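Participant: Quick one: the structure is below, questions incoming.
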Amino acid sequence: MRRRTTRLAATAALTTITVLGLTACGGSGFSDTSTGGGEAGGELTSSDDGLSVLIAASGDAEATSVTDAVAAWSSDSGTDAEVSVASDLPQQLSQGFASGEPADVFYLSTEALAGFASNGSLLPYGDRLTNRDDFYPALVDNFTVDDQFYCAPKDFSTLGLIINTDMWADAGLTDADVPTDWDSLADVAAQLTTDDHVGLAFSPEYARIGAFMAQAGGTVTNADGTEATLDSPENIEALTYVQSLLTSGDAALTSDLGAGWGGEAFGTGQAAMTIEGNWIGGALSTDYPDVAYQVAELPAGPGGQGTLQFTNCWGIAADSPNQEAAVALVEQLTSTDQQLAFADDFGVMPSIESAAEQWKTDNPDQAAFLDSVEFAQGVPNQDGSAAVITDLNSQLSGLKTGDPAAILESAQANFDAILK
């Protein structure tokens, strides 16, 4: 019998997880070690066993907050639970499933979902949740495979336009000039560009440039995820527009500025604007506390407003001997009060609609991020999509002088291959 007490393993190394990075998670290639409980409507396993909870953490604040929340649930429920912070979450998940002894509850990324679902590693419990209808529908879609809602989104992020308000004022711009479309974005980027900094900078990756594809009306796949649509006229138009920003000199890729990401380029004053997610608030307050900024929704393109959203869910192992307790724990961790507590502790946005107004009241300067959920696209969740996106990213790094159509044709062929 496994008996567990709630503690943060002292030897577990914290790992900084960039939610936007589409990391290959080794979701496929395992033998099916599931021993039952994997059916959506089947009876949940129940035992006296405690629960093991495996997470990745952006820092001490997240690790401590989750550990404390699990401890409180454990005390109330009488079920022992242990939280461990992974040093390499994808690898440790893979090893656990392959050995037949996975963690009971764990963080799971969108791009890892399909692989683990296809080999029977996951319990598809989403439709059992009493708060199932409170999750944003787009987030439910992110964790649905073959019409089964597998796991509860734990929180989420969107991209917004981050503006240095001092540089904005120095350029003679006002609130009325905040860009609302591609033309006005190009215009203010030009006005903000000086000998010392560019008007706009963003990382050379789908997880930033893909927002322009959404604004053009483009997608990665069709609605049911069965056909790749990367080489569409809309996506070509998006990359052509981004290329025009780069060749004008009013925008730059962070790699060309010697910066690791948009937050660094923005914080060090190399760019007056950047495209980043709500995690940038914590980074700026810690590393660049003197930089004054505001957050705006991303401007609309030919297809309307568009942004990208990023999320992880609380996965539950099909092999867990105590699935009933695991589902109860996830319900508590995704409750309104607990998600608002997580948001306060480490800056995430709640995945449930009932927490939205309170979160915006608590975080008025960040409200544009949450309002953007109305026009956000999720990142691909097909098995193998992470490798395709990684290859696309390598090509986007050369977009300034590259051929947008050729870049997308290559990505289209790669995505077609994984779908077939």
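Participant: Restricted to Cα positions, what overall size does the chain have along the principal axes? Three whole-Å values, descending.
Facilitator: Sorted largest first, the three principal extents are 67, 47, 37 Å.
Participant: For an R0 of 30 angstrom, estimate the FRET efficiency from the Cβ-Cβ distance between Asp256 and Glu409 and round to the nearest 0.05. Before the final figure, lay out each step's value.
Facilitator: Working: r = 24 Å, r/R0 = 0.81.
The formula returns an efficiency of 0.80 here.
Participant: Any chance you could run the full-extension gain for Asp68 through Ser46? It's 0.36 nm times the residue separation minus the Cα-Cα distance, nm to one decimal. Let's see the in-between values first.
Facilitator: On the way: separation 22, 0.36 × 22 = 7.92 nm, distance 2.39 nm.
Full-extension gain reported as 5.5 nm.
Participant: Near the amide H of Gly301, under 5 Å away, which other amide H atoms are found, from residues 5 or more places off or on another chain, if H is placed in the peptide plane?
Facilitator: Result for Gly301 returns Gly306.
Participant: Now, a different point. Mind listing the phi-derived Karplus ³J(HN,Hα) values for the stretch 273-286, rounded to whole Hz, using 6.51, -1.76 and 1.60 with θ = phi - 60°, and x for any glycine or proline?
Facilitator: 9, 8, 10, 8, x, 5, 5, 5, x, x, 5, 5, 5, 7
Participant: Okay, moving on. HN-Hα J couplings of the stretch 339-346 from phi, Karplus 6.51/-1.76/1.60, θ = phi - 60°, integer Hz, Gly and Pro as x?
Facilitator: So the J values, rounded to whole Hz, are 5, 5, 5, 4, 4, 5, 6, 9.
Participant: Still on this structure, please answer the following. Using a Gaussian network model of the chain with C-alpha springs under 10 Å, which one of Ser52, Ser65, Ser285 is most mobile by mean-square fluctuation?
Facilitator: Maximum among the listed residues: Ser285.
Participant: Would you calculate the separation in nanometres between label points at Arg132 and Ala417, each defined as 7 Å from the Cα along the Cα-to-beta-carbon direction?
Facilitator: Taking the two extended label points, one gets 3.8 nm.
Participant: Compare Ala201, Ala223, Ala343 in a GNM of the chain, Cα atoms joined below 10 Å, and give the one with the largest fluctuation.
Facilitator: Comparing Ala201, Ala223, Ala343 in a Gaussian network model of the chain, the most mobile one is Ala223.
Participant: Rounded, prolate or oblate: which fits the stretch 71-152, taking a ≥ b ≥ c as square roots of the Cα gyration tensor eigenvalues, rounded meaning a/c under 1.5, else prolate when a/b beats b/c? Write out the running numbers ahead of the final one.
Facilitator: Details: a/c = 1.90, a/b = 1.09, b/c = 1.75.
Oblate, since a/c reaches 1.5 and b/c is not below a/b.
Participant: Would you mind checking the radius of gyration and Dmax of the stretch 263-382 based on alpha-carbon positions, in Å?
Facilitator: Values for the stretch 263-382 (Cα only, Rg and Dmax): 17.1, 53 Å.
Participant: Now for a separate question. Give me the one-decimal Kirkwood hydrodynamic radius in Å for the stretch 35-177, with the sum taken over alpha-carbon pairs. Intermediate values should be presented prior to the final figure.
Facilitator: On the way: mean 1/r = 0.0559 Å⁻¹.
Kirkwood radius, the stretch 35-177: 17.9 Å.
Participant: To continue, here is another question. Taking Cα centroids, how far is the stretch 301-344 from the stretch 79-131 in Å?
Facilitator: Spelled out, the Cα-based centre of one part sits 13 Å from the other.
Participant: For the chain, with a Gaussian network of springs between Cα atoms less than 10 Å apart, report the residue from Gly172, Gly262, Gly304 with the top mean-square fluctuation.
Facilitator: Of Gly172, Gly262, Gly304, the Gaussian network model singles out Gly172 as fluctuating most.
Participant: From the residues Thr247, Gly258, Ala189, which one has its Cα farthest along the dipole of the chain in the positive direction, the dipole being from +1 and -1 charges on Cβ of Lys/Arg and Asp/Glu about the Cα centre?
Facilitator: About the Cα centre, the residue reaching furthest to the positive side is Gly258.
Participant: Moving to a separate point now. With a probe of 1.4 Å, find how much accessible area the chain has per residue, and write the answer as a whole number in Å². Display every interim value, and only then the final one.
Facilitator: Values: 16380 Å² over 420 residues.
Ligands and nucleic acids excluded, the figure is 39 Å² per residue.
Participant: Once both labels are modelled 7 Å past Cα along the beta-carbon direction, what's the Gln294-Ala387 spacing in nm?
Facilitator: 4.7 nm
Participant: Please list, in chain and number order, the residues 5+ apart from Thr193 or on another chain whose amide H is under 5 Å from its amide H, with Hs placed from the backbone.
Facilitator: Those lying under 5 Å, H to H, from Thr193 are Gly199.
Participant: I've got another one for you. Which GluC sites (Glu not before Pro) in the stretch 207-262 sit in a loop by DSSP (not H, G, I, E or B) and have at most 14 other Cβ atoms within 10 Å of their own Cβ?
Facilitator: Numbers: sites: Glu227, Glu234, Glu237; in loops: Glu227.
Counting only loop positions with at most 14 other Cβ atoms within 10 Å, the GluC sites (Glu not before Pro) in the stretch 207-262 are Glu227.
Participant: Something else about it: Using a 1.4 Å probe on the protein heavy atoms, what percent of the accessible area of the chain belongs to carbon and sulfur? Don't jump to the answer; show the numbers that get you there.
Facilitator: Details: 7390 of 16380 Å².
For the chain, the apolar C and S fraction of the accessible surface comes to 45 percent.
Participant: Moving on to the next point. Set Lys and Arg Cβ to +1 and Asp and Glu Cβ to -1, take the dipole of the stretch 86-200 about its Cα centre, and tell me which of Val140, Phe97, Ala86 lies farthest positive.
Facilitator: Phe97
Participant: What ratio of Cα Rg to 2.2 N^0.38 Å holds for the stretch 40-93?
Facilitator: Details: Rg = 13.3 Å, N = 54, 2.2 N^0.38 = 10.0 Å.
Against the compact-globule rule of thumb, the ratio is 1.32.
The values are calculated or read from the model by the stated rules, or taken from the named source; none is laboratory data. For clarity, every value in this text was computed on a predicted model and none was experimentally measured. Because the Cβ atoms are built from the backbone with ideal geometry, glycine has one as well, and the counts that use them run over all protein chains shown. Please note that ligands, DNA and RNA were not included when accessible areas were found on the heavy atoms of the full protein model with its side chains. Shrake-Rupley method; radii C 1.70, N 1.55, O 1.52, S 1.80 Å.
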